[in-house]
Amino acid sequence: MLGVLTGFTVVWIIILAGYLIGRLKVLGANAQNVLSRLAFFVASPALLLVTLSDADLHTVFSLPLLVAAASAVVTAGIFVLCTRWWLRRPLPEALISAMSSSLVNGANLGLPIAVYVLGDAAFIAPVLIFQMAFFTPLFLMLLDSATSGRRTSLMTFLAQVVRNPIIIGTLIGLFLAATGLTLPVIILEPITLIGGAAVPAMLLAFGISLVGSRLLERDGGRRADVLLATAFKLVLQPLLAYALAHYILGMEGTLLFAVVVTAALPTAQNVFVAANRYGQGELVAKDTVLLTTILSLPVLIVIAALLT
């Protein structure tokens, strides 16, 4: 469990630093928005470009990727139906909430857990590639369309793709990986340094957002959304991953343990960044990230006890 504890400790220390920055008003009243926009428009595209440019695209066709994709898509799809038909939320808010219920924290928690718990960082690669290359850009495209106030034609859709910095970084990274081309060091190094600011900026912005807020506030009117998203993320998604991997694909042992653990990781902080960017579902995103980060530790311990 050392890897689990290490990963969570790193995350909470940076979130605490953000909380103290916000509490002391070190960066001013608008620090959260500035850091979120830095992560969304600058650092995250750079991180995606660098990460995906070195990716082994054969991983895209691996069974763990199939499990990660299917469990996430089914979880998000069911959640959208629940929030639209039962809770009657607007589509943009339902999309952000669906991201909260299905996007895993594969980078700053998944990587150390893969190394220390699973013994190989390669176990987290399928999840990272799926989320970076397909799932997150898909959500952002849908959010662009849902918040534009217009019917989306093919040309409008393509224009939205061209304008979205995260999708641009993803496409450039995949192109470099597919062609085997490499950027000159004088260009790659600055992009790598900028990309390194993505995760800290996300976590600091999230920590600042906690100043003056309370978990599951009654006045927010979104307790049901947060609790449902948390249950989907920490219970439904791992169960779907287990059922698909074990009963349909016949996985066993370490590989089965790996796909279930990665599915049970908490909600990714970049969901809150997206919510802040589009001005939709910020309360649900913030509370779900916080609640799943707290509760995923005992969930992972139970999974380890049952499958090892």
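Quick rundown of the values:
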{"item": "Helices (runs of 4 or more DSSP H) within the range 199-308 that include 1 or more residues touching a helix residue (DSSP H, G or I) at 6+ places or on another chain (Cβ under 8 Å), modelled with pLDDT of 90 or more and among the acidic types (Asp, Glu)", "result": "223-231, 282-307"}
{"item": "First in the range 282-308 and exposed (fewer than 14 other Cβ atoms within 10 Å of the Cβ), second anywhere and assigned to a helix (DSSP H, G or I) and polar (S, T, N, Q), Cβ under 9 Å, 6 or more apart", "result": "Thr308/Thr254"}
{"item": "Residues located in the range 267-308, provided they are hydroxyl-bearing (Ser, Thr, Tyr) and under 14 Å from the mean Cα position of the chain (by Cα)", "result": "Thr267, Thr288, Thr292, Thr293"}
{"item": "Inter-residue pairs, beta-carbon under 8 Å, first farther than 14 Å from Asn270 by Cα and in the range 134-152, second modelled with pLDDT under 85 and in a loop (DSSP other than H, G, I, E, B), 6+ apart", "result": "Met141/Asn164; Asp144/Asn164; Ser145/Thr152"}
{"item": "Boolean, Phe41 is aromatic (Phe, Trp, Tyr), crowded, with 23+ Cβ neighbours inside 10 Å and either in a helix (DSSP H, G or I) or modelled with pLDDT of 75 or more (or both)", "result": "no"}
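The values are calculated or read from the model by the stated rules, or taken from the named source; none is laboratory data. None of these values were measured; they are calculated from a predicted model. Quick reminder, even Gly has a Cβ in these numbers, built from the backbone with ideal geometry, and neighbours come from all protein chains shown.
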